[in-house]
Amino acid sequence: MGWSITKFSGEEIIEIAIQMEESGKLFYEKAKSLAEGDNLKDVLTYLAQEEEKHVQDFSKLGQSINYSFLPNEKYPGEYEEYVRSLVNSHIFKLTEVDDLIKGIKNDKDILQMAISFEKDSIVFFQELKNMGNKTASGMLEKLIDEERGHIKKIVAILKDM
């Protein structure tokens with residue numbers, strides 16, 4: 001993918017966000033087959049549906065985004081390196097979901113991976129919001145709030161274990 005952080009196009013932002021959400025959905029679907037508790041299976045089904053909804057939200061949002069952003073950098077390319085590292089360190093990449101699934105030993109592992117995914121998404125969406133126009137900011141804030149809600153649900157289950 002050839003993208004420039006300092007001049008994000010709407011398509012580039014949407015491509016990254018959609019890939020993240022699709023990876024999360026795939027993880028939740030695959031993890032459901034490994035989950036032992038019925039409550040966890042229900043939550044994983046819900047989270048997969050939420051990620052699908054986010055894919056649709058980002059697709060709609062992509063039609064209205066036109067970013068032009070000049071970051072405050074100490075050196076040229078600093079901000080691009082930062083955002084690129086966010087993308088590259090995101091726990092769920094479509095190509096790596098199967099490898100993550102292989103490492104699951106129990107329900108607790110599923111929940112900890114899910115929390116990491118939701119946190120990574122919040123950080124990335126917050127960065128997009130900081131760069132964005134008013135149309136995008138409202139939608140991104142809504143998605144950030146939803147991701148926070150997902151974390152609350154996941155943590156509640158983890159506390160009950």
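Any read-out appearing in this document is the output of simple, stated calculations on the displayed coordinates, not a laboratory observation. Quick caveat: nothing in here was measured; it's all calculated off a predicted structure. Reconstructed Cβ throughout: ideal geometry from the backbone, glycine too, with neighbour counts over all protein chains shown.
Miscellaneous remarks
- The gain in end-to-end length when the residue 59 to residue 115 segment is fully stretched comes to 17.7 nm, 0.36 nm per residue minus the alpha carbon separation.
- Using a Förster distance of 35 Å, the FRET efficiency for residue 84-residue 38 (Cβ separation, nearest 0.05): 0.30
- Potential lengthening of the chain between residue 98 and residue 156 amounts to 18.3 nm, from the contour at 0.36 nm per residue minus the alpha-carbon distance.
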